[in-house]
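A.B. asks: Before I ask anything, here is the structure I am working with.
Just so it is clear, none of the values below were taken in a lab; they were calculated from the coordinates. Just so we're clear, the structure is a prediction, and the values are computed from it rather than from any experiment. Here the Cβ is made from the backbone with ideal geometry for all residues, glycine too, and neighbour counts use every protein chain on show.
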Amino acid sequence: MKKLLKPASGGKEPPISSRRSAPEMQKALPFPIAGIGASAGGLEALEQFLGHVPEKSGLAFVIIQHLDPTHKGIMPELLQRATAMEVFQVKDRLRVRPDCVYVIPPNKEMSILHGVLHLFDPTAPRGLRLPIDFFLRSLAEDLKERSIGVILSGMGSDGTIGIRAIKEKGGVVLVQEPSSAKFDSMPRSAIDAGLADLVAPAEELPGKILDYLSHATFITRTDISLEKKEQSALEKILILLRAHTGHDFSMYKKNTIYRRVERRMSIHQIDRIVAYVRFMQENPQEVELLFKELLIGVTSFFRDPAAWEELKVEAITALLAGRPAGGAIRAWSVGCSTGEEAYSLAILFREALEQVMPKGRFTLQIFATDLDRDAIDKARQGVYPANISADVSPERLNRFFIKEEHGYRVGKEIREMVTFATQNIIMDPPFTRLDILICRNLLIYLTPELQKKLLPLFHYSLDPGGLLFLGSAETVSEFTDLFAQLSAKSRLYRRRESVLRGEPVAFPSSFVPAIPAASKKSMMQKPAANLQTLAEQLLLQLYSPPAVLVNDNGDILYISGRTGKYLEPAAGKANWNIFAMAREGLRYELSGAFQKAIRQMGTITVKGASVGVNGGTQTVDLTIQMIEEPEELRGMVMIIFNDVTTLPAKKTSSRAKQGSAGSARIAELEQELKQHSEELQSTREEMQTSQEELKSTNEELQSTNEELQSTNEELTTSKEEMQSLNEELQTVNAEQQAKMEELTRMNNDISNLLNSTEIVTVFLDGQLRVRRFTTGANKLFKFIPADVGRSLSDINNDLIYPGMLEDAQEVLRTLVFSEKQISTGDGRWFTVRIMPYRTLENKIDGVVMTLSEITTAKTLEAKLREEIAKNRDSK
């Protein structure tokens with residue numbers, strides 16, 4: 001321990017001298033800050049830690065402890081003896097400087113904003129305060145990847161939630177080796193949560209921090225641009241991850257992946273990403289650690305409480321009120337991590353039911369999925385540390401949780417609403433027919449291209465009017481036609497209906513690019529060519545007239561053929577209305593005929609309309625038809641353009657008549673011209689008939705094509721729905737299988753425990769019927785396996801205990817245990833103890849009867865009494 005160098009300062013730190021903006025204050029803090037959590041009994045660990053920090057480390061250290069609120073704090077004076085750095089007891093609005101130590105005062109909570117420490121009066125009662133979590137959360141938000149979390153000796157689990165936030169923001173977490181800690185609860189909680197990057201004795205942690213920072217070049221990097229060699233190495237990392245875990249991270253944002261990789265490189269003090277690739281190849285466990293690193297996400301009960309309250313008040317309550325007859329509500333929590341969000345939704349549902357009190361009966365089925373199998377296993381257990389009290393109100397803790405020795409267990413009514421399963425949303429089919437879909441803080445890690453595929457998929461998964469709940473930094477982006485925002489500031493959306501989009505929904509099977517060798521030709525064989533079909537397609541391409549499909553407002557929905565002669569884009573803002581795009585000469589006739597067709601619900605033809613084309617004019621016949629069939633196009637209007645060929649006017653001869661011979665010749669020519677004109681008219685009529693036939697054929701082909709397309713879409717949808725149903729069945733099966741395995745393990749443990757004690761145990765229900773009995777019970781009771789479910793009064797026993805059933809009834813009535821020493825007909829003695837049978841929900845569900853043999857003790861007691869009696873007689 002170092003000698004006293006400088007007196008601890010409580011108020012000599014210069015105050016905030018100027019009101020600088022947030023960006024300026026951020027620039028003024030280029031140094032990392034380490035938040036150190038320890039209990040009041042962790043003085044030794046703090047002295048060991050600070051004693052090994054150099055005087056000029058370039059870091060600031062903020063110490064948060066569990067201090068007695070009734071005593072004056074002397075921790076700064078004690079710690080000053082261990083370090084050459086200045087030690088300050090924090091005062092409100094104290095700016096942090098490098099190479100200084102800051103200690104929280106007693107009976108205060110502390111936060112940091114733009115490098116300035118702020119003190120708060122605690123709101124939670126003494127014993128429920130979590131000052132370490134409170135500060136580390138704010139440190140993660142303020143310094144992002146420059147935040148450092150250190151957990152030293154301490155009791156409880158305070159700090160675990162805070163270091164999870166630091167990990168999510170890209171910071172580093174160091175934990176004291178539990179075996180070297182005076183109190184190991186806090187270090188073990190951090191390690192068991194899988195959040196510790198480095199574990200070492202307290203005196204070694206400062207050196208590891210400095211080694212880490214010497215390689216952590218990403219701390220000052222805000223923009224990542226990968227060179228070709230780095231890009232190749234990153235792709236190799238993705239290949240190693242896919243080969244080891246089976247999961248493809250190529251659709252995740254490259255910057256996010258690279259920052260996580262840089263963190264692992266800094267921890268291992270590796271400078272080049274190419275070297276890290278080789279390190280991963282030589283150490284397969286590092287691949288698993290990086291995989292866990294990529295899956296780290298901050299989650300907590302009711303994260304962003306205002307958003308959850310809006311979900312309850314504006315959405316769930318309205319959903320219940322809109323279904324007076326009751327029914328089943330289905331929800332999906334995507335990327336549920338360790339289950340807090342799924343359980344939060346279940347709690348809100350129960351509270352909403354109690355508020356609305358609907359007449360019908362409602363049930364809630366929540367499917368909660370995540371990529372991390374370990375996180376899903378923790379979620380299934382439903383056990384959380386005591387520090388969840390920072391996010392869950394005391395009323396909810398008492399109502400929906402069961403207090404255990406080291407934390408809280410989710411109550412049975414909440415647990416039964418949720419089904420957990422591992423799922424890769426990029427590869428596996430989605431759940432469908434949903435009323436609520438929660439996807440919070442997942443989209444921000446995915447590429448924009450993948451987001452554009454997932455949001456329409458969410459729309460497909462939701463039922464009409466279904467709710468989509470996103471994170472605070474996420475939106476539906478350009479898909480406002482699919483989802484309507486419930487309020488201006490919320491991230492709560494309702495599924496829109498009657499949406500016409502040009503692209504079909506992309507299902508997960510198409511998200512990842514197919515293998516190049518697997519071409520569409522190998523996946524789907526083309527039907528054999530048909531002569532009639534080929535001929536009809538050729539006629540449609542060469543002779544079908546140009547046409548446009550519009551809605552009843554004139555907005556263009558579909559264009560067939562070349563319409564450039566009749567339509568052109570209007571200048572200015574893009575406008576796809578046909579009246580704005582009609583060329584000069586067509587606008588007036590088209591508008592009048594369109595309105596007439598709408599009113600008469602029929603077909604209107606306009607003959608001889610003129611349109612300006614390339615400096616000249618073109619005569620056009622317009623056909624405007626209101627569509628009745630097929631039903632999908634009902635209410636739309638088809639506009640067809642037919643060019644009209646204009647014959648040159650007949651020219652009379654300019655020469656003077658030259659006698660009767662010339663007149664006869666003229667008459668002959670006129671007659672010949674008349675015949676040619678009639679033939680031409682006949683040809684035109686034949687062409688018109690051919691055009692009508694082609695038009696009819698075109699409509700039939702279009703109808704057939706639409707039917708085939710509709711059938712194909714129905715088949716695709718049916719396939720995806722079957723896959724979704726299969727996914728649900730697999731999820732439920734996995735959940736049931738996990739429960740079965742857990743029950744089997746528990747059953748084996750209980751059986752071995754009861755058998756090893758050699759204590760006869762009989763379990764009875766509330767009507768004193770046999771529920772279960774241990775091996776050896778048949779030595780006292782005439783049990784056979786078929787006796788389970790029979791009343792204990794129907795079964796003979798060797799005990800001389802006529803009041804046994806009455807005592808059991810009395811225990812059920814008073815909940816006070818009974819203990820008596822009872823003999824058997826053959827001279828054996830037993831201690832018979834009858835206790836209430838309590839469930840985890842603290843409900844009484846029968847009695848437990850244990851019988852411990854005390855024959856040896858009774859025999860010794862009798863002999864001792866005889867000896868005492870003999871001695872007394874001899875005297």
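A.B. asks: Could you calculate the contour length gain from Ser472 to Glu742, that is, 0.36 nm times the residue separation minus the distance between their Cα atoms, to one decimal place in nm?
C.D. replies: Contour length minus Cα-Cα distance gives 93.5 nm.
A.B. asks: If one computes the Cα centroid of the stretch 542-594 and of the stretch 235-305, what distance in Å separates the two points?
C.D. replies: Measuring centre to centre over Cα atoms gives 54 Å.
A.B. asks: Could you give each residue of the stretch 168-181 its phi-based ³J(HN,Hα) in whole Hz, using Karplus coefficients 6.51, -1.76, 1.60 with θ = phi - 60°, and x for Gly or Pro?
C.D. replies: Couplings: 5, 8, x, x, 10, 10, 10, 10, 5, 4, x, 5, 9, 8 Hz.
A.B. asks: Between Asp873 and Asn842, how high is the FRET efficiency from 1/(1 + (r/R0)^6) when r is the Cβ-Cβ distance and R₀ = 51 Å? Nearest 0.05. If you can, show how the numbers build up before the last one.
C.D. replies: Details: r = 56 Å, r/R0 = 1.10.
FRET efficiency, Asp873 to Asn842: 0.35.
A.B. asks: Using r as the Cβ-Cβ distance of Met687 and Ser591, and R0 as 30 Å, what FRET efficiency do you calculate, to the nearest 0.05? Mind showing how you got there, number by number?
C.D. replies: On the way: r = 29 Å, r/R0 = 0.97.
The value I calculate is 0.55.
A.B. asks: Can you tell me the FRET efficiency between Ser214 and Val274 if r is taken as the Cβ-Cβ distance and R0 is 25 Å, rounded to the nearest 0.05?
C.D. replies: Values: r = 19 Å, r/R0 = 0.78.
Calculated value: 0.80.
A.B. asks: Let me know the shape class of the stretch 53-153, please: from the alpha-carbon gyration tensor, a ≥ b ≥ c as square roots of the eigenvalues, rounded when a/c is under 1.5, otherwise prolate if a/b is greater than b/c, or oblate. Working shown, then result.
C.D. replies: Numbers: a/c = 1.74, a/b = 1.19, b/c = 1.46.
It is oblate, given that a/c is not under 1.5 and a/b is not larger than b/c.
A.B. asks: Return the distance in nm (one decimal) between the two label points of a simple spin-label model at Glu670 and Ile800, each offset 7 Å from Cα along Cα→Cβ.
C.D. replies: Using points 7 Å along Cα→Cβ, the separation is 15.0 nm.
A.B. asks: State, to one decimal in nm, how far the label point of Lys452 lies from the label point of Glu177, with both points 7 Å from Cα in the Cβ direction.
C.D. replies: Simple spin-label model gives 5.4 nm for this pair.
A.B. asks: Now for a different question. Which whole-number percentage describes the relative contact order of the stretch 755-875, with Cα contacts under 8 Å and a sequence gap of 6 or more? Write down the numbers at each step before the final one.
C.D. replies: Numbers: 193 pairs, mean separation 28.6, N = 121.
The normalised contact order for the stretch 755-875 reaches 24 percent.
A.B. asks: Taking every pair of alpha-carbon atoms in the stretch 236-384, what share in percent sits in each 10 Å bin, from 0 to the bin with the longest distance?
C.D. replies: The distribution over the stretch 236-384 is 10, 31, 24, 17, 12, 6, 1, given as percents.
A.B. asks: May I pose another question? In Å and whole numbers, how far do the C-alpha atoms of the stretch 145-186 stretch along each principal axis, longest first?
C.D. replies: 30, 16, 9
A.B. asks: What are the ³J(HN,Hα) values, in whole Hz, obtained from phi via the Karplus relation 6.51 cos²θ - 1.76 cosθ + 1.60 with θ = phi - 60°, for each residue of the stretch 825-833 in sequence order, with x given for Gly and Pro?
C.D. replies: Values per residue, Gly and Pro as x: x, 9, x, 7, 10, 9, 8, 9, 10 Hz.
A.B. asks: If you average 1/r across every pair of different Cα atoms in the stretch 332-428 and take the reciprocal, what Kirkwood value do you get, in Å? Let's see the in-between values first.
C.D. replies: On the way: mean 1/r = 0.0709 Å⁻¹.
Hydrodynamic radius (Kirkwood, Cα only) of the stretch 332-428 equals 14.1 Å.
A.B. asks: Something else about it: May I ask you to evaluate 6.51 cos²θ - 1.76 cosθ + 1.60, the Karplus curve with θ = phi - 60°, for each residue of the stretch 623-628 and list the ³J(HN,Hα) values in order in whole Hz, giving x for glycine and proline?
C.D. replies: 10, 10, 10, 7, 8, 10
A.B. asks: Find, to one decimal place in angstroms, the Kirkwood hydrodynamic radius of the stretch 409-454, where the mean of 1/r is taken over every pair of different Cα atoms and then inverted.
C.D. replies: Across the stretch 409-454, the inverse of the average 1/r is 13.3 Å.
A.B. asks: Same structure again: Determine the shape class of the stretch 339-389: with a ≥ b ≥ c the square roots of the Cα gyration tensor eigenvalues, call it rounded for a/c under 1.5, and otherwise prolate if a/b is greater than b/c, oblate otherwise.
C.D. replies: Oblate, since a/c reaches 1.5 and b/c is not below a/b.
A.B. asks: If each residue of separation counts as 0.36 nm, what is the full-extension length gain between Ser703 and Thr619 once their alpha-carbon separation is subtracted?
C.D. replies: Difference between extended and current length: 27.2 nm.
A.B. asks: Residue separation times 0.36 nm, minus the C-alpha to C-alpha distance between Ala200 and Lys607: what's the value?
C.D. replies: On the way: separation 407, 0.36 × 407 = 146.52 nm, distance 9.13 nm.
Separation in residues times 0.36 nm, less the Cα-Cα distance, equals 137.4 nm.
A.B. asks: How far apart, in nm, are the 7 Å Cα→Cβ label points at Glu309 and Ala570?
C.D. replies: Taking the two extended label points, one gets 4.7 nm.
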